[in-house]
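A quick write-up on the structure given underneath.
What follows is calculated from the coordinates using simple rules that are stated; it is not laboratory data. These figures come from a predicted structure and were not determined experimentally. Please note: Cβ atoms are built from the backbone with ideal geometry, for glycine as well, and neighbour counts cover all protein chains shown.
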Amino acid sequence: DCVVVDSLSTVIRRFGIEKGLFLMNEGTKELREKGADVMFILYDGVHSAADLASVCRNADIFIQLSEVLHGNDIERTLSVRKMSGFVIPNRAYPYNILADGIELSTTERVV
């Protein structure tokens, strides 16, 4: 099973970082113990650096999707910021959103 919480940003902004971290850890504990994967959506530009660091420390995996406009072109990149038990290189992978899913480029950039 997979559960998506959209969004952890709303919980943090409305109730504070402590309640957001409680939801991540204790609020989903029973689901995770039963083998479910839980994904939390967190929006860019909404949180302090300290709050982002706290969320990252409490997550097993932290993936950042970024989007930058260059004139008429949209550049989208995926960066894995944390994966428990692994050393993660500072790399960004371009991706495109297609009608049938996401196309991830095999070309990486050092960030």
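Computed on the chain, with alpha-carbon pairs under 8 angstrom and 6+ residues apart, the relative contact order is 18 percent.
Using 0.36 nm per residue of separation minus the Cα-Cα distance, give me the extension gain between Ser105 and Arg81 in nm, one decimal. Once the chain is fully extended between Ser105 and Arg81, it gains 6.9 nm.
If R0 is 30 Å, the Cβ-Cβ spacing of Leu98 and Ser7 corresponds to a FRET efficiency of close to 0.80. Bridging of Lys34 to aspartates and glutamates at a Cα separation below 17 Å is possible for Asp1, Glu26, Asp60, once same-chain residues fewer than 8 apart are set aside. With axes computed from alpha carbons, what is the tilt in degrees of helix 49-58 against the longest principal axis of the chain, rounded to the nearest 10 within 0 to 90? For 49-58 against the chain, the angle is about 70 degrees. Loop-located trypsin sites (Lys or Arg not before Pro) in the stretch 17-55 (DSSP state other than H, G, I, E, B) with a sparse environment of at most 14 neighbouring Cβ atoms within 10 Å: Lys34.
Here the Karplus curve 6.51 cos²θ - 1.76 cosθ + 1.60, taken at θ = phi - 60°, turns the phi angles of the stretch 26-32 into couplings of 8, x, 10, 4, 5, 4, 5 Hz, with x standing for Gly and Pro.
With all projection directions averaged, the alpha carbon convex hull of the chain covers 8.8 nm². If R0 is 22 Å, what FRET efficiency do you get for Val46 and Phe22 from their C-beta distance, rounded to 0.05? With R0 = 22 Å, the Cβ-Cβ based efficiency is 0.75.
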